[in-house]
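Novice: Below you'll find the structure I mean.
The values are calculated or read from the model by the stated rules, or taken from the named source; none is laboratory data. Remember, it's a predicted structure, so these values are computed and weren't measured experimentally. All Cβ positions, even for glycine, are placed from backbone atoms using ideal geometry, and neighbour counts span all protein chains on display.
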Amino acid sequence: MKRDHQEISGSGSNPAESSSIKGKLWEEDPDAGGMDDELLAVLGYKVRSSDMADVAQKLEMLEKVMGTAQEDGISQLGDTVHFNPSDLSGWVQNLLIEFNGSTTTPDPNFNDDSEYDLRAIPGVAAYPPVKSDPGLENTRKRAKTESSSSSSSTTTRPVVLIDSQETGVRLVHTLMACAEAVQQDNLKLADALVKHIGLLASSQTGAMRKVATYFAEALARRIYRIFPPDSLDPSYNDKLQMHFYETCPYLKFAHFTANQAILEAFSMANRVHVIDFGLKQGMQWPALMQALALRPGGPPAFRLTGIGPPQPDDTDALQQVGWKLAELAERIGIEFEFRGFVANSLADLEPEMLDIRPPEIEVVAVNAVFELHPLLARPGGIEKVVSSIKAMKPKIVTVVEQEANHNGPVFLDRFTEALHYYSTLFDSLEGSGVAPPSQDLAMSELYLGRQICNVVACEGMDRVERHEPLTQWRTRMETAGFSPVHLGSNAYKQASMLLSLFASGDGYRVEENNGCLMLGWHTRPLIATSAWRLAGTESGSELTQELS
Amino acid sequence: MAGSNEVNLNECKMVVPLNTWVLISSFKLAYNLLRRPDGTFNRHLAEFLDRKVPANLNPVDGVFSFDVLIDRATGLLCRIYRPATAEEPEPNIVELEKPVVGDVVPVIIFFHGGSFAHSSANSAIYDTLCRRLVGICKAVVVSVNYRRAPENRYPCAYDDGWTAFKWVNSRSWLQSRKDSKVHIYLAGDSSGGNIAHHVAARAVESGIDVLGNILLNPMFGGQERTESEKRLDGKYFVTLRDRDWYWRAFLPEGENRDHPACNPFGPNGRSLEGIKFPKSLVVVAGLDLIQDWQLAYVEGLRKAGKEVKLLYMEQATIGFYLLPNNNHFHTVMDEISEFVSSDC
């Protein structure tokens, strides 16, 4: 085939001008081999030079096959689910298979059977108060150790500027100068600057004012060493998170996209088990359960293991959530089992405790929404947890993390990154259409403010908001023996539609990134959802027949 | 038509490097999937497939970028590209709107292509192109993320272009030292070239100077079927049918292609005689089926006594400027550099 291709190229008459360049490009470069074409890589496409001719050929074949369908247009192929467009070769290959399969009716396997009723995504009203039975499973271990932060750096610093006002710039300038003074241990200067920030902030309005205030407070804490109390009442944080959940789409997006991946992984199973690394109020699960209930062929038996921190007042928060979900399960006709596990840290978990049943009997999904980055605060934490995950033999692991670089070794860099990140986040809250001062908005800001405080004022094991970008999580997961499960255009589309349902103000954008989905404000991605399977196993949810 | 398909493909592959052919062919394929016969557009799939890149404060090859939301109401965003300086090799947020240094600093307002429907300022292909322009013109480049058809028809793209223009013109940090004015050039490819023309016309009407227009394969058209359209239909990645679709998607409903947006010097157009229109550099690809309209545009400028340089790249197809792997690319970049620097 390749030979034919070269014959065609050789026999053509080449315009003198560019023939030398073309000639060179058309020969197969023996050194190119397994390397990606550099020029296409810059444009976001990974194609090995040695595959180029093959991809071209497939494109030609598609063109020929589609040529006859031109009259009707081929836009019905738009119903096909697409995956990972950066992999041009795979994308073209999938289209060829799709087009050869059928021309008008999309293959049922690739229909939106992972689509579910978006209205199922609950608001606060989902959970009326309910009595609960006591009975906890308890693991209390506290290990205090120092840790060093991960030092690999990313190469992009994306910034979206909202305010170009004179005072805005001065405020930022002063914040940066203060952070620099702190870094240099010039606390006298830092102190003076922090007071000045307060003054400047008071003349600002909107998001910038709030962000500046939180950062100033965090700097002050760092300077005066008045660190925030150690572990606050987790139920308070859960409440704050609920408000955040209501005010803006980030958490909904996280739950929604993770659930998409889980649903697809569960598609053939009769018994399923979700292990939720951070149950909190269990907001993610009603929607999944609804979708499972609506599954053609009937729902699987659904088991949920929820992990959470100990409660200071000894209430069994986990069981309470379990009860609410059990009620829901009964209403919608799903066999349901729940177990709660209390742990100070996910690293304290031993997989044997979780009663994992064999994969032939029960399919396991591990879900970690903003739960992995705190593990970076203690040495060995993430490694332990990742190896625990592997021992659970999950079919799918869903990970959602902040798309930010808040864990670099240099304080000033972390500060700057956080300033950009939270400015964007706060700005999106301003634009979220929530009418001026509402309870929800204020609580959401407080929720974020506490993260800011942690990033800026804390160190060592206390600094748990160790956000790292997707590229780093990817490396970590792949090194640990996981392969990506790609989220496709159907998940993308539904996530986009979700945004228009819930978010007023359309600055929110979903972006596809090498099989992962990211939600951002305008051009700045803010959170990223990725899905993983154990390398060497088949996920069963993708068109590509690739097996590692 | 079916029989000539094979001939078309082979002809096409003769004139571009293989990786260019693969790139443009996959765009063509994707775009075919997105346009629906009823005139609607599969926007979700379009955004899913488009390869985007974030802005980056870390200089890459001497250029850093950041995004600015210049109009909250419409969500109009621009990506700004600046050269990194020796003094500030790692710009931080306070450096972003630091005044430009120089007696004369060109500011190029760039409108990306995509036939009014595709792509964005943060599309990888356009991010790459804008970065190049910074380097070759020693300019600040402002890439406008204008609203697209069919969801936003004429005149949205032009309005956004005008908003961006006014914003750029009013930034004190973009002023050249020589005369405390912003030295603005308008540039664009395909639909972006069309937008550049119309924004220039509006600027001139408002009495604001534009130093030059750079139109790369600008998108113009008309009701008549020209010779080049008939001869080249379907031969080099583009069909007349898709051109028609995009005009139908952009122009007001019920309007035809002699609308002045599409055909500025056509029966409904307006002569620029007596109007202080900027000098233009118009690049026409010899294998672009709409070249007759582009050449008519050049002729329209000439007839009105406007300064215009035509670069006719005989063996170039659409998109030749996306990859630096052909002579047309280098020729055009040199010409652009010359065009801008001749004012410095």
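Novice: From the list B:275, B:318, which residue is surrounded by fewer than 19 Cβ atoms within 10 Å (Cβ to Cβ) and part of a loop (DSSP other than H, G, I, E, B)?
Specialist: Criteria check complete, one pass: B:275.
Novice: Out of the range A:279-307, which residues are under 20 Å from the mean Cα position of the chain (by Cα) and outside any helix (DSSP H, G or I)?
Specialist: Residues satisfying the conditions are A:279, A:280, A:281, A:282, A:283, A:284, A:306, A:307.
Novice: Residues being touching a Pro at 6+ places or on another chain (Cβ under 9 Å) and among the small types (Gly, Ala, Ser): count how many of those fall in the range A:348-379.
Specialist: Selection size over the range A:348-379: 1.
Novice: So, of the residues in the range B:223-240 that are modelled with pLDDT of 95 or more and basic (Lys, Arg), which turns out to be farthest from residue B:316 (Cα to Cα)?
Specialist: B:225
Novice: Looking for something assigned to a helix (DSSP H, G or I), assigned by the TED database to the domain that holds residue A:288 and buried (at least 21 other Cβ atoms within 10 Å of the Cβ) - is there at least one such residue anywhere in the range A:325-333?
Specialist: Scanning the range A:325-333, I find at least one residue that is assigned to a helix (DSSP H, G or I), assigned by the TED database to the domain that holds residue A:288 and buried (at least 21 other Cβ atoms within 10 Å of the Cβ), so the answer is yes.
Novice: Take the conditions over 18 Å from the mean Cα position of the chain (by Cα) and either surrounded by fewer than 24 Cβ atoms within 10 Å (Cβ to Cβ) or on the phi < 0 side of the Ramachandran plot (or both) and apply them to residue A:273. Does it pass?
Specialist: Judged against the criteria, residue A:273 is a match.
Novice: Further, regarding this structure: Does residue B:33 qualify as being buried (at least 20 other Cβ atoms within 10 Å of the Cβ), at pLDDT below 95 and closer than 30 Å to residue B:92 by Cβ?
Specialist: no
Novice: I need a count of the residues in the range A:455-500 that are of a type outside the set (A, V, I, L, M, F, W, C), away from chain B (no Cβ under 14 Å) and not in a helix (DSSP H, G or I).
Specialist: 9
Novice: Is it fair to say residue A:226 is at pLDDT below 95 and among the β-branched types (Val, Ile, Thr)?
Specialist: yes
Novice: Residue check, residue B:148 against (1) among the charged types (D, E, K, R); (2) under 21 Å from residue B:175 (Cα atoms); (3) touching a His at 6+ places or on another chain (Cβ under 8 Å), all met but one. Which one?
Specialist: Here residue B:148 clears every test but (2).
Novice: Identify all residues within the range A:349-364 that are modelled with pLDDT under 95 and either in a strand (DSSP E or B) or within 22 Å of residue A:280 (Cα to Cα) (or both); write none if there are none.
Specialist: A:349, A:350, A:351, A:353, A:354, A:355, A:356 - these are the residues of the range A:349-364 that are modelled with pLDDT under 95 and either in a strand (DSSP E or B) or within 22 Å of residue A:280 (Cα to Cα) (or both).
Novice: Within the range B:61-75, restricting attention to residues that are hydrophobic (A, V, I, L, M, F, W, C) and crowded, with 22+ Cβ neighbours inside 10 Å, which residue is nearest to residue B:93 (Cα to Cα)?
Specialist: Across the range B:61-75, the extreme among qualifying residues is B:66.
Novice: Further question on the same structure: Restricting the search to the range B:35-52, which residues are under 24 Å from residue A:46 (Cα atoms), within 7 Å of chain A (Cβ to nearest Cβ) and in contact (Cβ under 8 Å) with a residue 40 or more places away in the chain?
Specialist: Scanning the range B:35-52 gives B:51, B:52.
Residues are listed down the side, and each one gets a yes or a no for (1) crowded, with 23+ Cβ neighbours inside 10 Å; (2) outside any helix (DSSP H, G or I); (3) among the polar types (S, T, N, Q); (4) modelled with pLDDT of 95 or more:
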position: A:367; (1), (2), (3), (4): yes, yes, yes, yes
position: A:374; (1), (2), (3), (4): no, no, no, yes
position: A:384; (1), (2), (3), (4): no, no, no, yes
position: A:388; (1), (2), (3), (4): no, no, yes, yes
position: A:398; (1), (2), (3), (4): yes, yes, yes, yes
position: A:415; (1), (2), (3), (4): yes, no, no, yes
position: A:418; (1), (2), (3), (4): yes, no, no, yes
position: A:423; (1), (2), (3), (4): yes, no, yes, no
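Novice: Continuing with the same structure: Within the range B:297-309, track down each residue that is surrounded by fewer than 17 Cβ atoms within 10 Å (Cβ to Cβ) and not basic (Lys, Arg).
Specialist: B:299, B:304, B:305, B:307
Novice: Which pairs turn up if I take residues in the range A:467-489 that are free of Cβ contacts under 8 Å to residues at least 24 places away in the same chain and look for partners that are part of a helix (DSSP H, G or I) and crowded, with 23+ Cβ neighbours inside 10 Å with beta carbon separation below 7 Å, at least 6 apart in sequence or on another chain?
Specialist: none
Novice: A further question on this structure: Which residues, taken from the range A:179-208, are touching a helix residue (DSSP H, G or I) at 6+ places or on another chain (Cβ under 8 Å) and among the polar types (S, T, N, Q)?
Specialist: Correct list: A:183, A:202, A:203, A:204.
Novice: Something else about it: Restricting to the range B:179-214, what's the tally of residues that are assigned to a strand (DSSP E or B) and either of a type in the set (Val, Ile, Thr) or over 22 Å from residue B:152 (Cβ atoms) (or both)?
Specialist: 7
Novice: Of everything in the range A:501-520 that's within 11 Å of chain B (Cβ to nearest Cβ) and of a type in the set (A, V, I, L, M, F, W, C), which residue is farthest from the chain's Cα centre (by Cα)?
Specialist: A:510
Conditions tested, residue by residue: (1) small (Gly, Ala, Ser); (2) under 22 Å from residue B:27 (Cα atoms).
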residue: B:113; (1), (2): yes, yes
residue: B:134; (1), (2): no, no
residue: B:163; (1), (2): no, no
residue: B:167; (1), (2): no, no
residue: B:172; (1), (2): yes, no
residue: B:181; (1), (2): no, no
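Novice: May I pose another question? Can you tell me which residue among B:115, B:26, B:120 is within 9 Å of another protein chain (Cβ to nearest Cβ), in a loop (DSSP other than H, G, I, E, B) and crowded, with 21+ Cβ neighbours inside 10 Å?
Specialist: B:120
Novice: Do any helices (runs of 4 or more DSSP H) lying entirely in the range A:160-229 carry at least 3 residues that are within 22 Å of residue A:463 (Cα to Cα) and away from chain B (no Cβ under 14 Å), and which ones are they?
Specialist: A:187-202, A:206-224
Novice: Restricting to the range A:358-379, name every residue that is among the acidic types (Asp, Glu) and touching a residue at least 40 places away in the same chain (Cβ under 8 Å).
Specialist: A:362, A:371
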